[in-house]
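Heads up: the structure comes next, in structure tokens.
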Amino acid sequence: MLELKLQFMGNGIDVRIDALSLPLGSGQDRDPNFATARPVRLTEMPAAPSNGRTFYIETFGCQMNVHDSEKVAGVLLARGYRLVERPEEADLVFYNTCSIREKAAQKVFSRLGQLKPAPNRHGSEPGSSGAGTAQDGRVIGVLGCVAQQEGEEIFGRAPWVSLVCGSASYSRLPQLLEELEGGNRRVMGLSLDTEETFETEVTSRDNPYRAYLTIIEGCDKHCSFCVVPHTRGPERSRSSAAVLAEARRLAEMSYSEVQLLGQTVNSYRDPSPHGMNFTRLLVAVAQVPGIRRVRFTTSHPRDFHQEIVNAIDACPQLCDHVHLPVQSGSTRVLQAMQRTYTREEYLEKIAMLRRARRPISITTDIIVGFPGETEADFEETLSLLDIAQYDGAFSFKYSPRPNTPAEDWPDQIPEEEKGRRLAILQEKQRQIQIARNEALVGQTCEVLVDTRSARGNQWAGRTTSNRVVNFTSPRESLLGEYAQVRITRAGPNSLVGGEVI
Ligand code: SAM
């Protein structure tokens, strides 16, 4: 589980997102997307007069959640709220939650426990009057997947919570805020029955050089392990005109890299008469003047076609990286997972990517210990790693989730066995990454620089293949620039080098 925090940095213009915890022991590889704390410009910030109130927002989970928090912050800033650094300083405390695995969901309740007000003088429990506000007047809100999943029960478990809103209802946030401001002490937005996407002025972004851009929300795939269709609702694509207008705004604000987001980003279907499919939209975004790099995540293998690889080949702005979650190497398990492809069909997609004219880095997600996974199934996943030769993998122990078909299947795998399989898989993948990264020693890569270390002449950034490169340069000012870096050393998760000047 990954946890992020939007922080105010003092001048009313900058926020930053801190990676607070990356518990490697939980089986998740370190996610390079969130490895550094970075200043963020509050771009497009409407000059809303202060309403005298402050907010704090903490994000758990995936890039989609990080970007949702950026949008929620935008809604609040536009209403005159000001972002603060710590929950104790805020009038409004929001937790944007993740429920993809049980541990992530539990974390939120432990956070909420920390905000529990002391019993009042008469000894009664906070919120026992039925009011949902903390006694100190703070308004506490739970957003995102746990909000959608637990719904009204959150008020029962933490009566000091005032707002519960799932991501499919974020378009109702301004209205819910109005109700809170009007004195209503318990408000909820939980409808999944929506055709709307969450359109808002995005005012804060987690990285001044790379911007997230949602193109599709929700998911219709219904994998038997996954809560996403239940927590984020059905697939809703934004119009290509809205996406392209946002891409142009980002370029004008001098973002040179954009990352198109969706739970199944390549299932995009333009609802407007332009009728663009994912590939056409991808190319159109790449052609926006000023945009130098375009990434996209997450692709579902079912909708991953040769056309996308052809576009990457034809269009230099499209990055040399595809994240293509496989989940398992066993067709039997894939069928139980309702993934809609076989091992062979998935490997054909990998072969398609390997036949591209330029080397495309491939990363994946894998679940071990899915109900009924035998030792032979697991061996098939290991052998798939040998064939696919991934450049990175996020790997997880299966976690039974509410409202999913696999939740109470009888043949659950014991935790200890899941842990054993995960350790074996991660060690194998580590060795593959070491070998693949070592093959880059001696090469020169272009790096978009996003971090300067305290030591001054040390910098870090990413290649088009999404590898983290730490490098030295005598130059004084490199942030946001593209540097040519010669690779001198390689580890499993990053490269080391020096700038070629
Ligand atoms: N929508 C994407 C897809 O279907 O490929 C990714 C969604 S999810 C946010 C990211 C990853 O979490 C999944 O690819 C999967 O590997 C993992 N995951 C989802 N549900 C899980 C569960 N119940 N237990 C363990 N891992 C899970």
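Nothing in this text is a laboratory measurement; each read-out follows from the coordinates by a stated rule. Every value quoted in this text rests on a predicted model; they were computed, and no experiment measured them. All Cβ positions, glycine included, derive from the backbone under ideal geometry; neighbour counts span all protein chains shown.
In sequence order, region 230-241 has phi-based couplings of 6, 8, 10, x, x, 5, 9, 8, 7, 5, 4, 5 Hz under the Karplus curve 6.51 cos²θ - 1.76 cosθ + 1.60, θ = phi - 60°, and Gly or Pro positions carry x. Just need the relative contact order of the chain here, percent rounded to a whole number, with Cα pairs under 8 Å and 6+ apart. In percent, rounded to a whole number, it is 11.
Spin-label pair Ser110-Arg430: with each label point 7 Å from Cα along the Cα-Cβ axis, the two points sit 2.4 nm from one another. Remark: region 278-356 carries a charge dipole of roughly 180 debye about the Cα centre, counting +1 on each Lys and Arg Cβ and -1 on each Asp and Glu Cβ. Compared with the alpha-carbon gap, the fully stretched path from Arg280 to Glu88 is longer by 64.4 nm at 0.36 nm per residue. For region 99-116, backbone phi angles converted through the Karplus equation (6.51, -1.76, 1.60; θ = phi - 60°) give residue-by-residue couplings of 10, 5, 10, 4, 4, 5, 5, 4, 4, 5, 5, 5, 4, 5, x, 5, 9, 4 Hz, Gly and Pro being listed as x. Near the amide H of Asn207, within less than 5 Å, lie no amide hydrogens of residues on another chain or at least 5 residues away, with H placed in the peptide plane.
Estimated at 0.36 nm per residue, the fully extended path between His222 and Arg354 surpasses their Cα-Cα distance by 44.7 nm. A viscosity of 1.002 mPa s and a temperature of 20 °C, combined with the Kirkwood radius over C-alpha pairs in the Stokes-Einstein formula, give region 385-501 a diffusion coefficient of 129 µm²/s.
Counting only DSSP beta bridges with both residues in region 245-389, the antiparallel share comes to about 10 percent. Proximity of backbone amide H atoms, modeled 1.01 Å from N, is registered between Val139 and Leu92, Val93 at under 5 Å, excluding neighbours fewer than 5 places apart on the same chain.
In the chain, what % of DSSP beta bridges are antiparallel (nearest 5)? Let's see the in-between values first.
Values: 36 of 82 bridges.
In the chain, approximately 45 percent of DSSP beta bridges are antiparallel ones.
Around the Cα centre of the chain, unit charges on the Cβ atoms of Lys, Arg, Asp and Glu (plus for the first two, minus for the last two) sum to a dipole of about 1120 debye.
Rounded to the nearest angstrom and ordered from largest down, what semi-axes does the equivalent ellipsoid of the chain get from its C-alpha gyration tensor (root of 5λ)?
Working: eigenvalues 251, 162, 101 Å².
Largest first, the chain gives 35, 28, 22 Å.
Work from the charge dipole of the chain (Cβ charges, +1 for Lys and Arg, -1 for Asp and Glu, about the Cα centre) and give the residue of Ser453, His321, Ser383 farthest towards its positive end. So the residue we want is Ser453.
Note on Asn310 and Ser254: the extension gain reaches 17.4 nm, defined as 0.36 nm multiplied by sequence separation minus the Cα-Cα distance.
The largest-to-smallest principal axis extents of the Cα set in region 375-451 are 52, 30, 19 Å. Treating r as the C-beta distance of Glu178 and Arg157 and R0 as 25 Å, the FRET efficiency rounds to 0.45.
Taking the Cβ of each residue in Phe304, Phe94, Phe109 as the centre, tally the other Cβ atoms inside 10 Å and list the residues starting with the fewest.
Working: Phe304 22, Phe94 26, Phe109 16.
In increasing order of surrounding Cβ atoms, one gets Phe109, Phe304, Phe94.
With a ≥ b ≥ c the root eigenvalues of the C-alpha gyration tensor of region 145-199, is it rounded (a/c under 1.5), prolate (a/b larger than b/c) or oblate? Let's see the in-between values first.
Details: a/c = 2.88, a/b = 1.22, b/c = 2.37.
Here region 145-199 falls in the oblate category.
Evaluated with a Cβ-only charge set (Lys, Arg +1; Asp, Glu -1), region 228-282 carries a dipole of roughly 140 debye about its Cα centre, given to the nearest 20. Farthest toward the positive end of the dipole of the chain, out of Ala158, Ser477, Leu281, is the Cα of Ser477, where the dipole comes from beta carbon charges about the Cα centre. Around the amide H of Leu83, modelled in the peptide plane, lie the amide H atoms of Phe55, all under 5 Å away and 5 or more residues distant in sequence or on another chain.
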